[in-house]
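One structure is given here, and the rest of the page talks about it.
The values are calculated or read from the model by the stated rules, or taken from the named source; none is laboratory data. The shown structure was predicted, so the numbers you read here are calculated from the model rather than taken from an experiment. Please note: Cβ atoms are built from the backbone with ideal geometry, for glycine as well, and neighbour counts cover all protein chains shown. The accessibility values were calculated without ligands, DNA or RNA, using every heavy atom of the protein model including side chains. Shrake-Rupley method; radii C 1.70, N 1.55, O 1.52, S 1.80 Å.
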Amino acid sequence: SRGWDLFRSYAELFGQFGFGGYLWISFLVSVLTVIVTLLFAVPGAYAVARLRFPGRAPVSRSILLIYMVPMIVLALPIYIAFSVTGLRNSILGIVLIYPVTTIPVALYMLQGYFRGLPAEIEEAGLMDGLGRLRVIWKITLPLSMPALASVSLYVFMIAWNEFLLAFMLLDDPSKFTLTRGIASLNSSEIPRQHLMAGAVIATVPIMALFLGLERFMTRGLTAGSVKG
C-alpha cells in the first residue's frame, strides 16, 4: 500500500471491527481499576507506613507475595468461580478481578512514599485538632500527588494491557477489551496488517498519557513544606 492507503486498516478497524467500542471499554475498565485500587491501597499503605500495630513488619514484607503465584495457576479457579457466580463475560467481573492484581504493587509503592514524607507535618495537623482521617485528606494526599500520579499511571497501564483474564473471561465481542479485540484479529481470514494496526492503536493512548503526566510525576510537591 502507498500513500493514504496505509491508513485504510485503521479505518476498517473502527468501521468494521468495532475498535471504538473496545477502546471505550478498556478506558472505562482501566479508570475503574485505578479508582478501586487507590481506595484500598491508600489507607492500607498509610496504615503500614505510619501506624503501629502487631504484625506490621510481616505485613509490610509480604505485600508482594501474591506475585510469587503465577496468574496461570489461578486461571482455572477464577474461571470456575466467575462461571458459578455469573460474573464471567461481564464488565463487572473484569473490574472486580483486575484490582486483585494491582492493589499489592500499589500498596508497595505508596508505603515507601508515605514513609518518606516528613512526619512533623502530620503531627502538626494532629496538634491543631485535626483527626487522623482529615490529616490524610488535607495534608498527606496533597503532598503525595506525584506518587499517586505514578501509581495511577502504572495501574492504568496494567489494566489497559492485561490479556490473560480478559481472554479467559470474555466471550461476547460487544464486551471485549482492547487486548481481547486485538487477539480476535489473529485469524487467517483477517489481513495481517489489521493486527499490526490494532497493536499501534493500543500503544498510542498509553504513550500519550505517559508523556502528558511525565512533568507532573517528577515535580516535587514537598519542596519547602518543612522549615527550620
Open item on the list: Considering only residues that are assigned to a helix (DSSP H, G or I) and of a type in the set (D, E, K, R), which ones fall in region 1-24?
Closed with: ASP5, ARG8, GLU12
Task: Index of the failed condition, GLY125 passing every other in (1) without any contact (Cβ under 8 Å) to a residue 40 or more places away in the chain; (2) open to solvent by less than 60 Å² (accessible area, probe 1.4 Å); (3) within 21 Å of LEU38 (Cα to Cα) - done: (3)
Open item on the list: So, in region 184-228, exactly how many residues are on the phi < 0 side of the Ramachandran plot and modelled with pLDDT under 70?
Closed with: 12
Open item on the list: I'm checking my understanding of the structure. Among residues of region 94-122 that are open to solvent by less than 40 Å² (accessible area, probe 1.4 Å) and of a type in the set (Phe, Trp, Tyr), which one is farthest from the chain's Cα centre (by Cα)?
Closed with: PHE114
Task: Among (1) touching a helix residue (DSSP H, G or I) at 6+ places or on another chain (Cβ under 6 Å); (2) closer than 20 Å to MET157 by Cβ, the one test that TYR67 misses - done: (1)
Task: Matching residues in region 3-26 - criterion: being in contact (Cβ under 8 Å) with a residue 12 or more places away in the chain and either closer than 16 Å to ILE91 by Cα or open to solvent by 60 Å² or more (accessible area, probe 1.4 Å) (or both) - done: TYR10, PHE17, GLY21, TYR22, LEU23, ILE25, SER26
TODO: Can you confirm whether region 116-123 contains a residue that is among the acidic types (Asp, Glu) and over 15 Å from ARG50 (Cα atoms)?
DONE: no
TODO: Give me the pairs, please: first residue somewhere in region 149-164 and without any contact (Cβ under 8 Å) to a residue 24 or more places away in the chain and farther than 14 Å from GLY212 by Cα, second residue anywhere and crowded, with 16+ Cβ neighbours inside 10 Å and charged (D, E, K, R), beta-carbon distance under 8 Å, and either six or more positions apart or on two chains.
DONE: PHE163/ARG180
Open item on the list: Going by what's in this entry, would MET196 be described as closer than 14 Å to GLU12 by Cβ, open to solvent by 70 Å² or more (accessible area, probe 1.4 Å) and either in a helix (DSSP H, G or I) or touching a Gly at 6+ places or on another chain (Cβ under 8 Å) (or both)?
Closed with: yes
- [ ] Of all residues in region 44-69, count the ones that are exposed (fewer than 11 other Cβ atoms within 10 Å of the Cβ) and either aromatic (Phe, Trp, Tyr) or in contact with a strand residue (DSSP E or B) (Cβ under 9 Å, 6 or more places away or on another chain) (or both).
- [x] 1
